[in-house]
Amino acid sequence: MVLPFYWSLMTSIKYNEDIFTYPINWFPTRITFEHYISVFIIIPFARYFWNSSFMASMGVLANLFFGSLAGYAFAKLRFRGQNGLFKMLLASMMVPGVVVMIPAFLILKNFPLVGGNNIFGSGGRGFINTYWAVILPGAAGAFAVFLMRQFFLTLPNELGESARIEGCGEFRIFWDIYFPLVKPALAVLAIFTFQAGWNQFLWPIIVLNDPKMSTIQMGLQAFSYAHRADYGPMMAGSVVAILPMLVLFIYAQKYFLKGIAFSGIK
Amino acid sequence: MRVSEALAKGSKVDVYHKKGISRLGRHQERMAYIFIAPAMLLFFIFVVYPIFKAVILSCTNYDIISRSEWVGLENYKRLLHDNLFFITLKNILYYVSMAVPTGIVISLGLAMILNRKKPGMKTFRAIYYIPMLTSGVAASVVWLWLLNPEYGLVNQLLRNIGIIGPTWLADSSTAMFAIVIVTLWQGVGGNMIIYLAGLQGIPGYLYESAVLDGANRWQSFWHITWPMLRPTTFFVSIILMIGAFQLFDQAYVMTEGGPANATKTVVYYIYETGFEELKMGYASAQAFVLFMIILAFSLVNIWINRESSMW
């Protein structure tokens, strides 16, 4: 199961002559970091790393804040249209992303008053080729709202009721009372959102065509396409692409496993 | 009744919306709309509106460059004669039929094996889960190397036991199978965790009384475990299936749809049509057909599970 990881790590630090050998060379006697250096030089891998980090982190912040705000409202407040809107949200999770891809691209491209567009949305590139093209569509996903609502539902109403009687404003009730209580759910949401943002590929290649804006996954794919047999640097690139998620996992293991199990039960 | 009376009685009455909406209720409602505004705004702009726009787009011949013209159902008629589209459909059906049942069996099997309280189990579960962390691209790149016909680890290990391995991704008869291996490697860990949670929800006394009645391991599984896991299996199969139909990353990175279109998936074709050939109207029609196919399969799945106790 972890053999592929071990093998790609080993390949990334072997000299080229030792990579292409029979029989299998399990423990190299000499190692080198030249492949890591070449992958960072041949393509601007560091820039891609930064791009991915920024987009994934912004996605996490947006989802955490807007998702819990909306989830709280659906769970703890009463308003007209509440049930219908939530059902719409749920139903949307069953729609395959590919249907929405093309129109979403056009919406971003023709967004009025952005990226060279006039008020009717024509003339420029809109949000295309900016970080926002990747961040905005997923900034407050249905999943985030759904998860947070389920969690808020488990909290007692009395906390808010008594605060309301004291004259506490609704936002303060949310921010000071309920929000601090959902930290476990926020951790799960943060991890899943970050993973999704870090690992995504199809949407970024659609909306980002400037190589300077590429994500780390795009960079890795481009490298493997252009340098098909350069397995050393290819493996080095893949190690760098996987490493942040591995580190996150080791650090927050229980939240990963809890989160998956939670989605299965609910 | 008044707010204080209702609360004193401990009733869960919605005191803010009785007899029309009180001032407090109106305030709460206003705040609620503000709270959901960011999420709902994004939802309408990037989910709801696009769905409608997609329907309309699929009836035009929009290609960014020239003016959009309404063509009615012509795109759909074109699809009926589009050989490549049918090839991609065949490919993805092959992939779904291989990846989904196998995925369920393996993850359930792993969950059952690892469902013990022995020390070290947690480490094993983590080990099986770790491939889930990799992106489609990273996993594809790693397996591109592993599946290299000459120096790749897979064929070298096979050579050690006397088998000459196929050329995997260069052979149109094994290429899709190779992709199945990669996605299974990535995905079984996650479903294993879901099955573990499901297994832990099965009461132990069921097994005890079955053993008292003389049931063997297979009977315990078939008459207790499998039926009790129906909701879990339903969830896993739906999620797995919907994801499988939309396979893209691995097909794009490992084989670029080849060799000879053997691994070109429907989503890959839609991407090509819409964003490389810029035929966005036609691509929208393709996307809708895929949507309907996924919907049909999901409905069949729901219908199969209609008698299970979870509804």
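Annotations
- Share of pairwise Cα separations in the range A:126-242, more than 17 Å, in percent: 68 percent
- Between the amide H of A:N117 and those of A:G124, A:R125, A:G126, distances stay under 5 Å, these residues lying 5 or more places away or on another chain, with hydrogens modeled in the peptide plane.
- Residue-averaged [θ]222 nm for the protein assembly as shown, counting only DSSP H segments that reach four residues, each worth -39500 (n - 2.57): -20000 deg cm²/dmol
- Across the range B:75-304, counting alpha-carbon atoms alone, Rg and Dmax equal 20.6, 67 Å.
- Taking 26 Å as the limit for the C-alpha separation, the pairs A:K76/B:K122; A:K254/B:K117; A:K258/B:K117; A:K254/B:K118; B:K53/B:K279 exceed it in the case of A:K76/B:K122.
- Among B:V48, B:V236, B:V180, the largest mean-square fluctuation in a Gaussian network model of chain B, built with springs joining Cα atoms closer than 10 Å, belongs to B:V48.
- Length-normalised contact order of the range B:172-306 in % [C-alpha pairs under 8 Å, at least 6 apart]: 25 percent
- Whole-Hz ³J(HN,Hα) from phi, Karplus 6.51 cos²θ - 1.76 cosθ + 1.60, for the range B:72-85, glycine and proline x: x, 8, 4, 4, 5, 5, 4, 4, 4, 9, 8, 4, 4, 4
- For chain A, the longest principal axis of the alpha carbon atoms and the long axis of helix A:97-109 meet at an angle near 80°.
- Largest GNM mean-square fluctuation among B:S22, B:S173, B:S284, using chain B with Cα springs under 10 Å: B:S22.
- With neighbours defined as other Cβ atoms within 10 Å of a residue's Cβ, the residues B:R67, B:R159, B:R30 order from fewest to most as B:R67, B:R30, B:R159.
- Computed over the Cα atoms of the protein assembly as shown, pair by distinct pair, the Kirkwood hydrodynamic radius stands at 26.2 angstrom.
- Close amide H pairs (under 5 Å, H built 1.01 Å from N) link B:T60 with B:V71, residues at least 5 positions away or on another chain.
- Cross-link partners for A:K14 among the aspartates and glutamates, with Cα-Cα distance under 17 Å and sequence neighbours closer than 8 places in the same chain left out: A:E34, A:D230.
- Max mean-square fluctuation residue, GNM over chain B, Cα-Cα springs under 10 Å, options B:M31, B:M280, B:M132: B:M31
- Applying D = kT/(6 pi eta Rh) to the range A:58-223, where Rh is the Kirkwood radius over alpha-carbon pairs, T corresponds to 10 °C and eta to 1.306 mPa s, the Stokes-Einstein value obtained is 89 µm²/s.
- When each of B:M112, B:M292, A:M55 is scored by the number of other beta-carbon atoms lying within 10 Å, the sequence from fewest to most is B:M292, B:M112, A:M55.
- Over chain A, relative contact order from alpha-carbon pairs under 8 Å, at least 6 apart, %: 30 percent
- Mean sequence separation of contacting Cα pairs (under 8 Å, at least six apart), scaled by the length of the range B:75-304, corresponds to a relative contact order of 29 percent.
- The phi torsions of the range A:226-237, fed into the Karplus equation with coefficients 6.51, -1.76 and 1.60 and a -60° offset, translate into couplings of 7, 10, 4, 9, 7, 5, x, x, 4, 5, 4, x Hz, rounded to whole numbers, with Gly and Pro shown as x.
- Magnitude of the charge dipole, the protein assembly as shown, Cβ model with Lys/Arg +1 and Asp/Glu -1, debye to 20: 1820 debye
- Restricting the range A:80-164 to chymotrypsin sites (Phe, Trp or Tyr not before Pro) that sit in a DSSP loop and have at most 10 other Cβ atoms within 10 Å of their own Cβ leaves A:F120.
- Dipole magnitude of chain A, debye to nearest 20 (Cβ charges: Lys/Arg +1, Asp/Glu -1, about Cα centre): 540 debye
- Residues B:Y151, B:Y205, B:Y62, B:Y95 arranged by fewest to most Cβ contacts within 10 Å: B:Y205, B:Y151, B:Y95, B:Y62
- Once the Cα atoms are used to define both axes, helix A:45-76 deviates from the longest principal axis of chain A by about 20 degrees.
- Take the convex hull of the alpha carbons in the range B:175-293; its mean projected area over all directions comes to 9.5 nm².
Just so you know, all these numbers are worked out from the coordinates, no wet-lab data involved. All of these numbers come straight from a predicted model, not from anything done at the bench. Here the Cβ is made from the backbone with ideal geometry for all residues, glycine too, and neighbour counts use every protein chain on show.
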